[in-house]
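Every number here is computed from the coordinates shown, using simple stated rules; none is lab data. Keep in mind the model is a prediction, meaning the values are calculated, not measured. Methodologically, a virtual Cβ is constructed for each residue, glycine included, from the backbone with ideal geometry; neighbour enumeration extends over all protein chains shown.
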Amino acid sequence: MNILLLTPPGLRMMNPNTMEPDLLPPKTWAPLGIASLAAVLRRAGFAPSLRDLHDEDWNGVENLLREKQPDLVGISCFTFERANALRTAALVRKLLPEALVVMGGPHATFFPEQMLQSGLVDVVVLGEGENALLELVRRMEAGRDLRYLPGIALRDTDGLRMNPPGPRTNCLDDFPFPDYRAYDLSEYKSPEVPEQYRDLPGTHVLTSRGCPYTCRFCSVNSFFGGRWAFRSPGNVADELEQLVADQGVRHVYFSDDLFTLDRERAIGICREIIDRKINLAWMAETRVDCVDAGLLGWMRRAGCHRVYYGVESGSPSILTTVNKRFSVAQVARAFELTHKAGLEPCCFLMVGNPGETPETIGETVELIKAIRPATTPIIGITTILPGTELYELSKRQGLITDDYWLTDGNPPLYTGEHDMDDLIYLQMLLVQGVNPEMYEHLCAMGFDEGYFRLRRLGGKRGRSLHGLAS
Ligand code: B12
Ligand code: SF4
């Protein structure tokens, strides 16, 4: 069977110069989801093709479909890119009406009915995709009915069927390593990687999936059903060795949601890297309450140079409101330990969670001055994403309905307490507090004014996606 697995063309951003949505963000990290699916299919004897269409235009997508003539097209669907995922499906329908269109990923998982009702998608794989997709392909090959396959939703003659979840593995060692062969890793360059490593061949690696915490703005817990599944240290080190040998990889980002949740496992990974003399620079992402001096020391010795923490806010009341379940004192302690271990502590911050005011922004500025992150914090405005408690709150507050996702509008900012302009004002206030030079620089470039206009445009309601089926 001819199988093609895709990520859709990347979302074009509003260009401040032309005020048109014609700016394509660079490729940052290779998509691991479809690479993992491809590896599982390949191990089972299938020969799927794999393509990251991030910087492809629609003619390119059309040419690819004509060239490959797939029987099954699997498309990844994240919330930001859902419109392009559906446009890709529409193109498949038009050019290859016989092909089965399968969608997976967070957005398809949270809204399977919308995907199926579009008439463009035949099957949605719910949640983790490896086992369900493999079984689906096997059944298709054998000419068997897909209707009773666990872990999927589909359209049949009686309407929509939502099947119960399929078997999931708690040990990710059961899966083969993601299939990177279709990617040119040198094309992926993330600004999160320090400049001295940015030109080295690199990739991100997942050593675990999921998170047991339930921060109100985050969907990871609900997507993985509260599960935290992990790989053993030996298995991670085997993949690292393979990446070094086959792809020449010299830099890795462990982009797990919570790399150090299991302290002994994280130390085990460090130990393997050291014992096997794997020559890699790496960084990782975790929580401030999941590190200590001993662990950070192991990480440093194993080649880690930077740790990203989701700090979100310096206001105790905001941390409570978003259910972060750590304190400002724990943030300060983790940063102190990380500095002392010779690692670069960096952080993500949010602006606009419920309860945000200029005073809470001031508290965040004070915290950042005290903890001295190695780089300017990455500051996002709180966005309403499906699968989160914030989404449910926003629905109750009348800010959004499920129908919003039938447009191509960007996921909206949380405007339950502040309108768009005030949110941007608060964000600029935080930028000014944590990096005055950057703030001045942005103002000198006229960025503040342009940025306001840009965000207003970005906040426009999107166009309906209903027409795509015709
Ligand atoms: C690394 C990462 C990134 C990287 C790279 C992403 C990439 N190229 O893969 C970068 C830094 C670029 C990034 C950016 C963003 N990200 Co991000 N990211 C992640 C992270 C931490 C890991 C992704 C990953 O590799 N997962 C592992 C693979 C194996 O899982 P997967 O891709 O979901 O695929 C599995 C299933 O979804 C399913 N599946 C997926 N596709 C398909 C297709 C088919 C056909 C089938 C059958 C199944 C299937 O099967 C796969 C295997 O089990 C996740 C959190 C997480 N734990 O997943 C967030 C996550 C994906 N990101 C998220 C967000 C919100 C963002 C940003 C919007 C953040 C921001 N505000 O800027 C941006 C914009 C992304 C965009 N343009 O769409 C959200 C997405 C939520 C949503 N509803 O879409 C997540 C889930 C985190 C969260 N907080 O909720 N991200
Ligand atoms: S923000 Fe981080 S700690 Fe909180 S639920 Fe999401 S992944 Fe877990």
Taking the Cα centre of segment 190-396 as origin and charging only Cβ (+1 Lys, Arg; -1 Asp, Glu), how large is the dipole, in debye to the nearest 20?
260 debye
Quick query: amide H of Leu23 versus all other amide H atoms, modeled in the peptide plane; which residues come in under 5 Å with a sequence gap of 5 or more or a different chain?
Met13, Asn15
Separation of alpha-carbon centers, segment 208-277 and segment 134-197, rounded to whole Å:
19 Å
Where nothing but the Cβ of Lys and Arg (+1) and of Asp and Glu (-1) is charged, how large is the charge dipole of the chain around its Cα centre, in debye to the nearest 20?
660 debye
Check which residues have an amide H placed less than 5 Å from Ile75's amide H, if you skip close sequence neighbours.
Leu6, Val102, Met103, Gly104
antiparallel share of DSSP beta bridges within segment 3-162, to nearest 5, in %, is 35 percent
Asn15/Asp55 FRET efficiency (R0 22 Å; Cβ-Cβ; nearest 0.05):
0.90
3J(HN,Hα) from dihedral phi, segment 280-293, Karplus parametrisation 6.51/-1.76/1.60, rounded to Hz, x for glycine, proline:
9, 9, 8, 9, 8, 10, 7, 9, 5, 8, 10, 9, 8, 4
Spherically averaged projected area of segment 3-162 from its Cα convex hull (nm²)
9.6 nm²
Could you work out the relative contact order of segment 3-162? I mean the mean sequence separation of Cα pairs under 8 Å and 6+ apart, divided by the number of residues, in percent.
20 percent
Looking at segment 222-375 only, what percent of DSSP beta bridges run antiparallel? Nearest 5 please.
0 percent
Amide H of Ile152 versus every other amide H placed in the peptide plane: which residues, excluding those fewer than 5 positions away on the same chain, fall under 5 Å?
Leu126, Asn163
Averaged over all directions, how much area does the convex hull of the C-alpha atoms of the chain cover when projected, in nm²?
21.6 nm²
Cleavage-rule hits, chymotrypsin sites (Phe, Trp or Tyr not before Pro), segment 288-372, DSSP coil, Cβ neighbours within 10 Å at most 13:
none
Loop only per DSSP, at most 15 neighbouring Cβ atoms within 10 Å: give me the trypsin sites (Lys or Arg not before Pro) in segment 92-158, ordered by residue number.
Arg144, Arg147
Can you compute 3J(HN,Hα) from phi for each residue in segment 29-35, using the Karplus curve 6.51 cos²θ - 1.76 cosθ + 1.60 with θ = phi - 60°, rounded to whole Hz and x for Gly and Pro?
9, 5, x, 7, x, 5, 5
Candidates per trypsin sites (Lys or Arg not before Pro) in segment 1-85, loop by DSSP, up to 14 other Cβ within 10 Å
Arg12
Any lysines whose Cα falls less than 20 Å from that of Lys68, other than same-chain ones fewer than 8 residues away, would be Lys94
